[in-house]
Amino acid sequence: MSLFQDLNSSYLAAHVAKEDAFWAQKMGLRGYVAGTFERAENELRHLTSDVDMLARVRRELERGDLSAEERTGLEGWRQFFEANVIEPDEAKKIASDLVGKEGELERSRASMKLGYVDPESGKRVDSDYLELALVIRTAADEAKRRAAHAGMGEIEPHVLSHGFLEIVRMRNRLGRLLGYEDYYDYKVSRNEGFGKKKLFELLDELERGTREPAKRAIEELKKEKGQGAGEAHNFGFFTSGALTQQLDPYFGFESALGRWGRSFMALGVRYHGASLTLDLLSRPGKYENGFMHGPFPGFVDRGTYRPSRINFTSLGSPGQVGAGYVMVQTLFHEGGHAAHFSNIFMPAPCFAQEFAPTSVAYAETQSMFMDSLVSDVDWRARYAKDRAGKPMPRELLEEAVRRKQRFMANGVRQLLVVPYV
């Protein structure tokens, strides 16, 4: 077997094992044995960070008798290993130890019971992260919003006492050992092809451009709703809470799956034989965020396309105000990722996997475009209907646009929080 074919098959075996374990862990599936994912992750990393394999690929590319398919595929593998190779032994040890530390924190976080103390009854109400966020945004009672916000705040001391800061220290040490300023610089450089300094030149411009519009929007909101409107447990309610209540009848939870399917079909989106596994409802022990992963990256194997196998998840909470909108937006976003990764027709699986050297910005382009359609006026006029089949009234369509435009700078700055922290 040629090096090229050997790479394709050996990578697939390790990647599939790791991703199947990842899904079982994140979804809290019955029968999952703790530590399985960490072992599979380290086995995959042993392959992908192998500096000797990078040297072999480079030597193979010097051959003059390679087919066009082999040359293209090996160029992909060269870039893949250049982005993932970890050479110093100390760095390899830290990278391996990190997998275990992150797994411990993940299990601890997954077992944490979130909730809030209801101000009326004094009883604790069990809630997942999304439910707490929806209460903060939609509950008319400020005391209830404050309680839900406090419930969400319980995450911070929990992760701080279960190894989060040690993981940060280990990550930064790894980044410096590999020649970067810190872990963030290392990840950005390997994924995007430019470092943290260049990234923050771009982000600083965005921050400066949104600073005054965001501040102005907050001050105007305080004048309208009172000084308390700018507080963390109130801001979401006063900027979108009432609107969420008004929109809710037109985003029936039970209609989300059908609207996603009909919309993508009408757009011409096809999945080319991919197998999609969807886990859509919230439950205890399940990871509290939507995501898409591809356990089997689709590729053209010696002239025959081998379709993708894709998993994606959301946190559906039937009966919660705003849950229908969140569900359809998640389906559009994660379904957009799935459409992207099931339409890559290249001769090696390294081109269709979502980790380095695949750019994060590139990977988010299709998903973000797709989920933007859910707030598009034309889409809403066609698809957003109540249970009686009546479309969203024009006045509500216009109000939603005005509200979104008014606080758009604030939304951008909420996204900026992550890279700046």
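With K and R counted +1 and D and E -1, the other residues having a Cβ less than 14 Å from that of Asp52 yield a net charge of -1.
So what is the accessible area of segment 1-74 per residue, in Å², with the probe set to 1.4 Å? Numbers along the way, then the final one.
Numbers: 3720 Å² over 74 residues.
With all protein chains present, segment 1-74 gives 50 Å² per residue.
For helix 129-138, report the angle its Cα long axis makes with the longest principal axis of the Cα atoms of the chain; keep it between 0 and 90° and round to the nearest 10°. The answer is roughly 30 degrees. In segment 1-122, the inverse of the mean reciprocal separation of distinct Cα atoms equals 17.1 Å; this is its Kirkwood hydrodynamic radius. Ranked by solvent-accessible area (1.4 Å probe, protein heavy atoms only, all chains present), the residues Trp77, Trp260 order from largest to smallest as Trp260, Trp77. Its Cα gyration tensor gives segment 235-358 an equivalent ellipsoid, and the semi-axes of that ellipsoid, as √(5λ) in whole Å with the largest first, are 32, 15, 12. Annotation: average projected area of segment 205-265 is 6.7 square nanometres, based on the convex hull of Cα atoms across all directions.
Return the ratio Rg/(2.2 N^0.38 Å) for segment 123-279, where Rg is computed over Cα atoms only.
On the way: Rg = 21.6 Å, N = 157, 2.2 N^0.38 = 15.0 Å.
In units of the 2.2 N^0.38 Å rule of thumb, it is 1.44.
Summing charges over neighbours of Gly319, with a neighbour being any other residue whose Cβ is under 12 Å away from its Cβ, gives -3 when K and R count +1 and D and E count -1. Of all lysines in the structure, those lying under 28 Å Cα to Cα from Lys385, and not within fewer than 8 positions of it along the same chain, are Lys404. Taking only the C-alpha atoms of the chain, Rg followed by Dmax gives 23.5, 77 Å. Of the Cα atoms belonging to segment 304-386, the radius of gyration and Dmax stand at 15.3, 47 Å. Shape index of segment 234-276: Rg/Rh, with Rg the Cα radius of gyration and Rh the Kirkwood radius from the inverse mean 1/r over Cα pairs, equals 1.21.
Expressed to the nearest 5 percent, the antiparallel share of DSSP beta bridges inside the chain is 65 percent. Overall, segment 50-114 carries a charge dipole of about 340 debye about its Cα centre when +1 sits on the Cβ of Lys and Arg and -1 on the Cβ of Asp and Glu, all other atoms neutral. Straight-line reach from Lys198: taking Cα to Cα under 20 Å and skipping same-chain neighbours fewer than 8 places apart, the lysines in range are Lys187.
Farthest toward the positive end of the dipole of the chain, out of Leu105, Trp260, Leu160, is the Cα of Trp260, where the dipole comes from beta carbon charges about the Cα centre. How far is helix 68-84 tilted off the main Cα axis of the chain, in degrees rounded to 10, range 0 to 90? Between helix and principal axis, roughly 70 degrees. Comparing mean-square fluctuations of Leu243, Leu203, Leu47 from a GNM of the chain with C-alpha springs under 10 Å, the top value falls on Leu203.
For the chain, what is the mean residue ellipticity at 222 nm derived from helices alone (per DSSP H run of n ≥ 4: -39500 (n - 2.57); sum divided by total residues; nearest 500 deg cm²/dmol)? Let's see the in-between values first.
On the way: 19 runs with 256 residues, N = 421.
Calculated mean residue ellipticity at 222 nm is -19500 deg cm²/dmol.
Net charge dipole, segment 327-421: roughly 440 debye, given to the nearest 20, about the Cα centre with Cβ charges of +1 for Lys and Arg and -1 for Asp and Glu. The label point for Asn343 and the one for Arg176, both projected 7 Å from the Cα toward the Cβ, are 4.5 nm apart. Helix 360-372: angle to the longest alpha-carbon principal axis of the chain, degrees 0 to 90, nearest 10? Here the helix axis deviates by roughly 30 degrees. Evaluated at q = 0.16, 0.23, 0.28 Å⁻¹, a Debye calculation over the C-alpha positions of segment 76-148 (equal weights, vacuum) places log10 I(q)/I(0) at -0.70, -1.00, -1.15.
Please report the antiparallel percentage of DSSP beta bridges with both residues in segment 239-361, rounded to the nearest 5. Intermediate values should be presented prior to the final figure.
Values: 7 of 13 bridges.
Close to 55 percent.
Which sequence of Phe355, Phe235 reflects their accessible areas, 1.4 Å probe, from the largest down?
Numbers: Phe355 70, Phe235 35 Å².
Ranked from most to least accessible, the order is Phe355, Phe235.
Given +1 at the Cβ of Lys and Arg, -1 at the Cβ of Asp and Glu and no other charges, the dipole of segment 1-149 around its Cα centre is 640 debye to the nearest 20.
Local charge for Ala363 was computed over the other residues whose Cβ lies under 13 Å away, with Lys and Arg +1 and Asp and Glu -1, and equals -4. Using heavy atoms of the protein chains and a probe of 1.4 Å, the accessible area assigned to Lys286 is about 10 Å².
Surface composition of the chain: carbon plus sulfur atoms contribute 54% of the solvent-accessible area (1.4 Å probe, protein chains only, all chains present). Note on Lys26: lysines with a C-alpha under 19 Å away, same-chain residues under 8 apart excluded, are Lys18, Lys101, Lys113, Lys286.
The values are calculated or read from the model by the stated rules, or taken from the named source; none is laboratory data. Remember, it's a predicted structure, so these values are computed and weren't measured experimentally. Here the Cβ is made from the backbone with ideal geometry for all residues, glycine too, and neighbour counts use every protein chain on show. SASA here: full protein model, heavy atoms, side chains in, ligands and nucleic acids out. Shrake-Rupley method; radii C 1.70, N 1.55, O 1.52, S 1.80 Å.
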